[in-house]
Amino acid sequence: MRPGAYIRSRVPQLAVLLVLEGLLALVLCVTSASADLVALVLALVALAAALALGIGYRRDREFWGSVESLKDSPDAVRAARELMAEPHGAEARAASDAIVDLSKAAADEVAEQRRAVEEYRAYVETWVHEAKSPITAARLALANLEEEAPILSSVGAAGSEAPGYDSLVPRLRAVGDELTRVEGYIEQALFYARSETLDRDFLVRKYELREIVSAAVRANASLLIGAKVTPRLGEGLSLPVFTDSKWLVFMLGQLLQNSARYARADAEGGPQVWLDARLVDEGLAAERVELAVRDNGCGVAEADLPRVFDRGFTGDNGRSHKHSTGLGLWLVWRLATKMGVEVSVDSAEGEGFAVTLGFPANKMHYLEG
């Protein structure tokens, strides 16, 4: 607490003191006291008041200073009892008791919220594993039906109403594509839940980017094929990065799914997505590997570009695509931020969309984060 603030807090007491000094001077004058005596008495009273004010400030400064420091950090409020200095005087003790009560209530609320988050995360993980079982069974059933399609086709040719082979297989594959889409949403839900506790499930190792990029392309191959999007892997993917492969594969998957969702059939050379990397600011403190994922899809309007990482934001393009959720890019940004990875976007409407991930070259960056 600054001296000025302390003095302002004592204005009522100082006002009473001034009134008392005035009355004392009046009494001394009425009793025919000399002017020198009146001045001396008033000076002594003022000096005593100043000393009392100084002693009070010195006594309370540490306590009120520690209270003021609590506002700089929400976490500090929950440890107020340990961080506050010893209070002196009834006013400081009352404030200390109130802050300690609020601190305990805040700590209890935070603990309850953490328990709720943990329960939610555990439920989502259980639900995801349970939901994958019927999807796997449905995929096996589809595969069996596809193998039996020629037999069904021959039965149909014999006079039954069974569809022909040429029409049955595309329908089965369309159902398979929808199952792939469902699996993508289930995986998104799992990573959404885990993003709250990334630090518990984050293992940084050194990887060659090509290894991770290839895994992401394989995981999303059916979706890319369905959208007729051709992936192009650049030479720069031989660069190494420090990251968690599981989380990065998921993030790249979200970007590849966006490229497939917003692909343009009339794009020159057909729909394509390029994945390449380069080393930036080599030898400097800001040295990093930048991985760019760029497509030639419909792109994003300039007005929408600053909001593409907002949760639930789909923009004009999203309104014309019924499967857009506005969560994919938000999850990429959220996970990248938690992992200490820089993320930026660039786009031109009607020409394509690009996302760049920047990985610090120094692995200690991740340990410090």
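Some values worked out for this structure:
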{"read-out": "Per-residue ³J(HN,Hα) for region 232-246, Karplus 6.51 cos²θ - 1.76 cosθ + 1.60, θ = phi - 60°, Hz, x for Gly and Pro", "value": "10, 9, x, 5, x, 6, 6, 5, x, 9, 9, 6, 9, 5, 4"}
{"read-out": "Calculated FRET efficiency for the pair D36/V11, C-beta based, R₀ 35 Å, to 0.05", "value": "0.70"}
{"read-out": "At 1.567 mPa s and 4 °C, Stokes D of region 166-314 from Kirkwood alpha-carbon radius, µm² per second", "value": "75"}
{"read-out": "Solvent-accessible surface ranking, highest first, for R311, R210 at 1.4 angstrom", "value": "R311, R210"}
{"read-out": "Karplus-derived 3J(HN,Hα), 6.51/-1.76/1.60, for each residue of region 115-131, Hz, glycine and proline x", "value": "4, 5, 5, 5, 5, 5, 4, 5, 5, 4, 4, 5, 4, 4, 5, 5, 5"}
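The values are calculated or read from the model by the stated rules, or taken from the named source; none is laboratory data. Fair warning: this is a prediction, and the values are worked out from it, not measured in the lab. Note: ideal-geometry Cβ built from the backbone for every residue, glycine included; neighbour counts use all protein chains shown. Accessible surface is based on the protein model in full, side chains and every heavy atom, while ligands, DNA and RNA are left aside. Shrake-Rupley method; radii C 1.70, N 1.55, O 1.52, S 1.80 Å.
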